[in-house]
Amino acid sequence: MIQKRKLIIFDTSLRDGEQSPGVTLNIDEKLAIAKQLSRLGVDVIEAGFPIASPGDFLAVQKIAQEVGPLMEGREEIGKPVIVCGLARAVKKDIETAFQAIKDAPCHRIHTFLATSDIHLTYKLKITREQCIERAVSAVKLAKSLCEDVEFSPEDGARSDPEFLVEVLSQVIAAGATTINIPDTVGYKTPSEFGDLIADLIKQVKDSDKVVWSVHCHNDLGLATANALAGIKNGALQAEVTMNGIGERAGNTSLEEVVMNIHTRTLEYPVFHTINTKLLVPTSRMVSDLTGMVVQPNKAIVGKNAFLHESGIHQDGVLKNKETYEIIRPEDVGVYTSNLLLGKHSGRHAIKTRLEEIGYSGNSLTEDQMNDVFSRFKHLADSKKTAVTDDDLHAIISDLFSRA
Ligand code: KIV
Ligand code: ZN
């Protein structure tokens with residue numbers, strides 16, 4: 001029997017996800033999300049792009065300092081999350097990324113450079129030779145600062161495979177420890193992307209010395225399928241976002257990759273260490289704080305994902321849930337609460353309900369919790385009916401947006 005290997009879950013909700021049109025998160029919101037991702041059990045958090053602005057730098061630095069050391073919920077994983085900062089293959093970017101992440105006990109620099117002819121010719125205006133030189137010196141510089149270095153050939157999926165083999169062989173020789181293959185514009189089909197990963201692993205020199213990673217965009221709705229094809233063909237890291245948020249049509253969604261591996265275990269050569277019971281609460285939190293509504297029929301975390309409407313389906317589920325459910329709702333954190341929240345409810349009940357909807361453990365500070373409690377009491381006093389989950393989500397969003 002083949003020994004399964006652990007899939008590294010690299011969450012980029014706070015970097016690629018924050019590049020979703022219309023999304024800007026303040027530092028408190030980013031910290032709350034990062035704490036939740038750490039409890040969820042992700043292995044790497046790409047906390048931002050530190051050179052992009054002083055605010056981005058500060059947010060990454062705070063996450064490195066405050067979330068980097070946390071072990072809550074990670075007892076089985078046995079180590080804290082790796083805090084990663086993105087950098088173009090540019091000296092100032094790399095040095096700035098390092099300054100932002102260095103206080104985390106485990107930290108990584110992720111540097112990238114486009115390798116497709118269309119990007120080299122029109123965007124970067126450099127030759128293939130210059131591209132190799134730049135990539136190699138970026139990785140060498142990153143390596144002189146930090147042991148853990150990831151390199152991404154941007155638009156890798158549309159690059160000439162032979163050139164890609166050359167670039168990647170050289171960046172591995174320069175010290176890269178993770179090689180991430182982005183399908184930057186979501187162009188590949190699953191069989192093409194799976195074959196690309198398999199071929200690169202076969203042809204790149206010293207490919208067994210690095211972790212191979214996949215980073216897929218969803219322009220044709222194939223991001224999850226492509227990432228899973230990459231995993232079947234040897235990738236051991238998946239770059240994902242909560243709810244699949246990200247540029248344009250978004251990125252591969254974390255919950256879809258994890259629940260595919262969880263549900264169809266025999267199909268994949270990997271296992272995951274995500275606490276699946278926190279998937280829906282985390283999804284709700286990310287949706288609240290980014291303002292990006294999750295479509296009701298979204299796989300795993302949509303409001304309708306576990307609802308049964310037709311009479312035939314309801315009858316089936318009442319007789320045996322497995323007639324129409326391949327995932328137990330409670331396994332992904334869907335709860336039907338029996339707590340009716342109103343003006344007589346105390347802190348314990350509010351805290352419990354907040355945990356069920358995503359704001360658990362250390363995601364709210366003591367001051368924030370006091371604030372939520374007093375806003376809750378105020379609302380409960382003025383309402384004739386119970387305080388709902390939507391009311392709680394609104395209180396939380398308001399609290400963070402005023403921070
Ligand atoms: O989509 C992409 O190519 C990226 C890289 C920076 C990895 O986000
Ligand atoms: Zn991307």
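The set of residues in the range 144-164 being over 25 Å from Asn218 (Cα atoms) and crowded, with 18+ Cβ neighbours inside 10 Å consists of Cys146, Asp148, Val149.
Checking Asp389, Asp367 one by one, the residue that is surrounded by 14 or more Cβ atoms within 10 Å (Cβ to Cβ) and over 24 Å from the mean Cα position of the chain (by Cα) is Asp389 and no other.
How do the helices (runs of 4 or more DSSP H) wholly within the range 222-319 filter down when requiring 1 or more residues that are of a type in the set (Asp, Glu): which remain? I'd like the intermediate steps shown before the answer.
Details: elements: 223-232, 254-263, 279-290, 311-319.
Where helices (runs of 4 or more DSSP H) fall fully within the range 222-319 and carry at least 1 residues being of a type in the set (Asp, Glu), they are 254-263, 279-290, 311-319.
The residues in the range 226-268 that are in contact with a helix residue (DSSP H, G or I) (Cβ under 7 Å, 6 or more places away or on another chain), modelled with pLDDT of 95 or more and more than 18 Å from Val301 (Cβ to Cβ) can be counted, and the count is 8.
Looking only at residues that are away from ligand 1 (no atom under 14 Å from the Cβ) and buried (at least 24 other Cβ atoms within 10 Å of the Cβ) in the range 236-247, which one is farthest from the chain's Cα centre (by Cα)? Only one residue tops the list, namely Asn243. Within the range 321-338, track down each residue that is surrounded by fewer than 14 Cβ atoms within 10 Å (Cβ to Cβ) and at pLDDT below 90. Answer for the range 321-338, where residues must be surrounded by fewer than 14 Cβ atoms within 10 Å (Cβ to Cβ) and at pLDDT below 90: Thr336, Ser337, Asn338.
Can you tell me which residue in the range 156-183 is nearest to ligand 2 (Cβ to nearest atom), limited to those that are touching a residue at least 40 places away in the same chain (Cβ under 8 Å), polar (S, T, N, Q) and more than 22 Å from Glu129 (Cβ to Cβ)? Per the criteria, the residue is Asn180. Does Thr96 qualify as being among the polar types (S, T, N, Q) and within 16 Å of ligand 2 (Cβ to nearest atom)? No: the conditions fail for Thr96.
Among the residues of the range 106-154, those identified as in a helix (DSSP H, G or I) and within 23 Å of Lys79 (Cβ to Cβ) are Ala142, Lys143, Leu145. If the condition is being within 16 Å of ligand 2 (Cβ to nearest atom) and without any contact (Cβ under 8 Å) to a residue 60 or more places away in the chain, then the range 197-220 contributes Val214, Cys216, His217, Asn218, Asp219, Leu220. Sub-9 Å Cβ pairs linking a first residue in the range 75-100 that is at positive phi to a second residue that is aliphatic (A, V, I, L, M), at least 6 apart or interchain, are Gly78/Met71, ordered by first then second residue.
The values are calculated or read from the model by the stated rules, or taken from the named source; none is laboratory data. This structure is a prediction, so every number in the text was calculated from the model and none was measured. Cβ coordinates were reconstructed from backbone atoms using ideal geometry, including for glycine residues, and neighbour counts include every protein chain displayed.
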